[in-house]
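To start, the structure under review is shown below, and the notes come after it.
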Amino acid sequence: MEFKTHISVRNLNVFYGDQQALKDITIDIPDKGIIVIIGPSGCGKTTLLKSFNRLIDSTDGVRVSGEVLVDGENIFDPKVEVTRIRKKMGLLSQNPYPLPMSIYDNVAYGPRIHGQKNKKELGRIVEHYLRESGLWEEVKDRLRSPASRLSVGQQQRLCLARGLAVEPEIILADEPTSALDPKSSRHIEESFLRLKERYTTIVVTHILRQAKRLADYVIFLYLGELIEHGPAEEIFENPREEMTREYMKGIIS
Amino acid sequence: MDSKRLLKDRLAGRVMFVLTVLSGLLVFVMAIGLYQRSRPILAIKSLRELLFSTSWHPLKGEFGFLPFIMGSLWVTGVAVVIAIPLCLLTSVYLSEYASRYVREWTKPLIDLLAGIPSVIYGVWGVLVVVPLIKDHIAPLFGTFSSGYSILAGGIVLAIMVFPIIIHVSSEVFRSVPYELREASLSLGATKWQTVKYVVLRKAMPGVIAAVVLGLSRAFGETMAVLMVAGNVAKVPSSVLDPAYPLPALIANNYGEMLSVPLYDSALLLASLILLAVVLFFNVIARVVLIRVERSIQ
């Protein structure tokens, strides 16, 4: 199968102090669709995800070598302006972290920091992306109330809307449903499926069933090494590596 | 054997409980004691007259506290105005920008400031700050000042409250979850935007608490201020004027001239006022804290 490449990782090594979290990762990540990174906890999934938008920069004592090319541009190049790279990607973290402000201001935060001042336009953006994340109907009457009053599931959808509002090309999601109840998890998964035609969505998960529900393309990491990657049906139906097979069967976890 | 062990346990619990209650009650005991001793002057003069009269002539039996109250407010106010921006920027730098190496070296140095005896700040104020104001700052505004002034007291006090405010607010910033910063950064916000719109906002109640802690320390600080503020019993009209803050009044005069009728009672009333003002600050601050906390949720 042929893919158009969106992000390509070249010989990426990440060290936290003496510990190597990622070992010589080289992979091309396809454009659009849902890419799922699976693997046991502590295997470097989150590190890989956070190296895409350089959030690992701010960790103390981190060292990175290799390249990550987004649309052909090496984002670890010291000349690159990091906020522009980050704006290309919306992040959903494990636990939703609404900013300490109202629902409206949370979604408007991104556009505002990038210079959007027009009130009408902001209102339009807020409504559009709250609809996109499936939250609009539930919050349209209380946009000015603090985001922290929403339920955890609603907060996660708010975070999705907040991320989408800066018009990224890529959605990075780090175990986005691990803090949510089943119903809210389904909401988030549905949003991803709805959005996958337009965004490259990269989801880290350790829930195999979720991976199967979502994935178009699968990356399997184990102890910082890239074991196997490929289109979902190939990896799930017919993995080439013994290790992948064992993980699927639940022998290693 | 076993019952003895349990008895000791219970006893230890009781003793510690009593000690805790006693230290908690201490402030009330002090307040009552001060009130008792200041009753003689309150029996003759109205509180209103004492608080708002500017005339301080103990020999004539006139005890107006306004110059001292204003002196305390001015000096504390100047200290806070100087301290807040410097402390906030320092603690933002330390918690958000500085590398671990810088942080580990700077923090102990700043905390060290808290351990310096206040008399040393006083001496330093007399040797450095007072001449600086006399020779450079006052001429800048075309006025004369002996240097012993509100500004001198404010500068010295500001430096004395640095470690408290910096320490507490750095802790507060550190308590802001890292993921909240990530959320803002991942939207393409710069570090400064993240600090301004997210971290400071989330940390605001704690920052206010930090400032209030510094403020109460500043308001009650005696020695260093006494040495540089000039101690003139007159309501000040500019920061280059000398002032005579309440703690300095009490420390300078209590134990002397007590043969003057009502003098002793007046000074203890001043102590009571000092205590009351500090408590008042604390209560106001807590009310503000609760409000702020509610509104940023």
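The values are calculated or read from the model by the stated rules, or taken from the named source; none is laboratory data. Keep in mind the model is a prediction, meaning the values are calculated, not measured. Every residue, glycine as well, gets a Cβ built from its backbone with ideal geometry; the counts of neighbours run over all protein chains shown.
So if I check each of A:25, A:56, which one is farther than 30 Å from residue A:136 by Cα, modelled with pLDDT under 90 and among the aliphatic types (A, V, I, L, M)?
Values: A:25 fails: modelled with pLDDT under 90.
That would be A:56, the only listed residue that is farther than 30 Å from residue A:136 by Cα, modelled with pLDDT under 90 and among the aliphatic types (A, V, I, L, M).
Looking at the stretch B:27-70 only, could you name the residues that are within 16 Å of residue B:246 (Cβ to Cβ) and either in a loop (DSSP other than H, G, I, E, B) or of a type in the set (Phe, Trp, Tyr) (or both)?
Those that are within 16 Å of residue B:246 (Cβ to Cβ) and either in a loop (DSSP other than H, G, I, E, B) or of a type in the set (Phe, Trp, Tyr) (or both): B:52, B:53, B:54, B:56, B:63, B:64, B:65, B:68.
Being free of Cβ contacts under 8 Å to residues at least 24 places away in the same chain and within 18 Å of residue B:226 (Cβ to Cβ) is true for just one of B:47, B:140, B:73, B:89. Which residue is that? First the steps, then the outcome.
Numbers: B:47 fails: within 18 Å of residue B:226 (Cβ to Cβ); B:140 fails: within 18 Å of residue B:226 (Cβ to Cβ); B:89 fails: within 18 Å of residue B:226 (Cβ to Cβ).
The conditions single out B:73.
(1) away from every other protein chain (no Cβ under 14 Å); (2) crowded, with 18+ Cβ neighbours inside 10 Å; (3) out of contact with any Cys (no Cβ under 8 Å at 6 or more places or on another chain): which one isn't true of residue B:186, the others all being true?
The number of the failed condition is (1).
Got a number for residues in the stretch A:68-95 being among the small types (Gly, Ala, Ser) and facing another protein chain (nearest Cβ under 10 Å)? Lay out the reasoning, then the answer.
Taking the stretch A:68-95 as the starting set, the residues that turn out to be among the small types (Gly, Ala, Ser) are A:72, A:90, A:93.
Filter once more, so that each one left must be facing another protein chain (nearest Cβ under 10 Å): A:90, A:93.
Result for the stretch A:68-95: 2.
So, in the stretch B:21-44, of the ones that are of a type in the set (Gly, Ala, Ser) and in contact (Cβ under 8 Å) with a residue 24 or more places away in the chain, which residue ends up surrounded by the fewest Cβ atoms within 10 Å (Cβ to Cβ)? Reasoning before the result, please.
The first filter runs over the stretch B:21-44 and keeps only residues of a type in the set (Gly, Ala, Ser), leaving B:23-24, B:31, B:33, B:38, B:43.
Checking the rest, the ones that are also in contact (Cβ under 8 Å) with a residue 24 or more places away in the chain come to B:31, B:38.
Details: B:31: 15, B:38: 23.
This residue is B:31.
For residues in the stretch B:272-297 being loosely packed, with under 12 Cβ neighbours inside 10 Å and of a type in the set (Val, Ile, Thr), which is modelled with the highest pLDDT?
The residue in question is B:283.
Which numbered condition in (1) surrounded by fewer than 17 Cβ atoms within 10 Å (Cβ to Cβ); (2) at the interface with chain B (Cβ under 9 Å from one of its Cβ atoms) is the only one that residue A:98 fails?
All conditions are met except number (1).
Hey, among B:166, B:137, which residue is buried (at least 24 other Cβ atoms within 10 Å of the Cβ), at pLDDT below 95 and part of a helix (DSSP H, G or I)?
After applying the criteria, what remains is B:166.
Looking only at the stretch B:198-220, decide whether some residue is away from every other protein chain (no Cβ under 14 Å), under 14 Å from residue B:83 (Cβ atoms) and charged (D, E, K, R).
Yes, because at least one residue in the stretch B:198-220 is away from every other protein chain (no Cβ under 14 Å), under 14 Å from residue B:83 (Cβ atoms) and charged (D, E, K, R).
Regarding the stretch B:141-150, can at least one residue be identified that is within 14 Å of another protein chain (Cβ to nearest Cβ), part of a loop (DSSP other than H, G, I, E, B) and of a type in the set (Val, Ile, Thr)? Can you show your working first?
Applying the first criterion (within 14 Å of another protein chain (Cβ to nearest Cβ)) to the stretch B:141-150 yields none.
Checked against the condition, which is being within 14 Å of another protein chain (Cβ to nearest Cβ), part of a loop (DSSP other than H, G, I, E, B) and of a type in the set (Val, Ile, Thr), the stretch B:141-150 yields no hits at all.
Restricting attention to the stretch A:163-192, and to residues there that are over 13 Å from the mean Cα position of the chain (by Cα) and either aliphatic (A, V, I, L, M) or within 14 Å of chain B (Cβ to nearest Cβ) (or both), which single residue is surrounded by the most Cβ atoms within 10 Å (Cβ to Cβ)?
Looking at residues that are over 13 Å from the mean Cα position of the chain (by Cα) and either aliphatic (A, V, I, L, M) or within 14 Å of chain B (Cβ to nearest Cβ) (or both), I get A:165.
Quick check on my filter: what residues within the stretch A:35-89 are assigned to a loop (DSSP other than H, G, I, E, B) and hydroxyl-bearing (Ser, Thr, Tyr)? Quick ask: steps written out before the conclusion?
Taking the stretch A:35-89 and keeping what is assigned to a loop (DSSP other than H, G, I, E, B), we get A:39-44, A:53-54, A:59-61, A:71-72, A:75-81, A:88.
Residues satisfying the conditions are A:41, A:59.
Would you check if there is a residue in the stretch B:81-100 being part of a helix (DSSP H, G or I), assigned by TED's automatic domain parsing to the domain that holds residue B:249, of a type in the set (Gly, Ala, Ser) and in contact with a strand residue (DSSP E or B) (Cβ under 9 Å, 6 or more places away or on another chain)?
Residues of the stretch B:81-100 part of a helix (DSSP H, G or I): B:81-97, B:100.
Pick out the ones that are also assigned by TED's automatic domain parsing to the domain that holds residue B:249 and you get B:81-97, B:100.
With the extra rule that they be of a type in the set (Gly, Ala, Ser), the set shrinks to B:83, B:91, B:95.
Next, from what is left, pick out any that are in contact with a strand residue (DSSP E or B) (Cβ under 9 Å, 6 or more places away or on another chain): none.
No, the stretch B:81-100 contains no residue that is part of a helix (DSSP H, G or I), assigned by TED's automatic domain parsing to the domain that holds residue B:249, of a type in the set (Gly, Ala, Ser) and in contact with a strand residue (DSSP E or B) (Cβ under 9 Å, 6 or more places away or on another chain).
Check residue A:149 against each of (1) within 13 Å of chain B (Cβ to nearest Cβ); (2) of a type in the set (Lys, Arg); (3) crowded, with 16+ Cβ neighbours inside 10 Å and name the one condition it does not meet.
Failing condition for residue A:149: (3).
Restricting attention to the stretch A:193-226, which residues are more than 15 Å from the chain's Cα centre (by Cα) and crowded, with 19+ Cβ neighbours inside 10 Å?
Correct list: A:220, A:221, A:222, A:224, A:226.
Conditions tested, residue by residue: (1) over 24 Å from residue B:35 (Cβ atoms); (2) surrounded by fewer than 17 Cβ atoms within 10 Å (Cβ to Cβ); (3) of a type in the set (Val, Ile, Thr); (4) in contact (Cβ under 8 Å) with a residue 60 or more places away in the chain.
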| residue | (1), (2), (3), (4) |
| --- | --- |
| B:219 | no, no, no, yes |
| B:222 | no, no, yes, yes |
| B:229 | yes, no, no, yes |
| B:236 | yes, no, no, yes |
| B:241 | yes, no, no, yes |
| B:246 | no, no, no, yes |
| B:249 | no, no, no, yes |
| B:258 | no, yes, no, no |
| B:262 | no, no, no, yes |
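From the list A:103, A:75, which one is outside the structural domain of residue A:185 (by TED's automatic domain parsing) and either more than 22 Å from the chain's Cα centre (by Cα) or without any contact (Cβ under 8 Å) to a residue 60 or more places away in the chain (or both)? Outline the logic, then answer.
Details: A:103 fails: outside the structural domain of residue A:185 (by TED's automatic domain parsing).
A:75 is the lone residue from the list that is outside the structural domain of residue A:185 (by TED's automatic domain parsing) and either more than 22 Å from the chain's Cα centre (by Cα) or without any contact (Cβ under 8 Å) to a residue 60 or more places away in the chain (or both).
Taking residue A:62 as the residue in question, decide whether it is crowded, with 21+ Cβ neighbours inside 10 Å and either facing chain B (nearest Cβ under 9 Å) or touching a residue at least 12 places away in the same chain (Cβ under 8 Å) (or both). Working first, answer last.
Details: crowded, with 21+ Cβ neighbours inside 10 Å: no; either facing chain B (nearest Cβ under 9 Å) or touching a residue at least 12 places away in the same chain (Cβ under 8 Å) (or both): yes.
No.
May I ask you to verify whether residue A:131 is more than 17 Å from the chain's Cα centre (by Cα) and either of a type in the set (D, E, K, R) or more than 9 Å from chain B (Cβ to nearest Cβ) (or both)?
Working: more than 17 Å from the chain's Cα centre (by Cα): yes; either of a type in the set (D, E, K, R) or more than 9 Å from chain B (Cβ to nearest Cβ) (or both): yes.
Taking the combined requirement at face value, the residue satisfies it.
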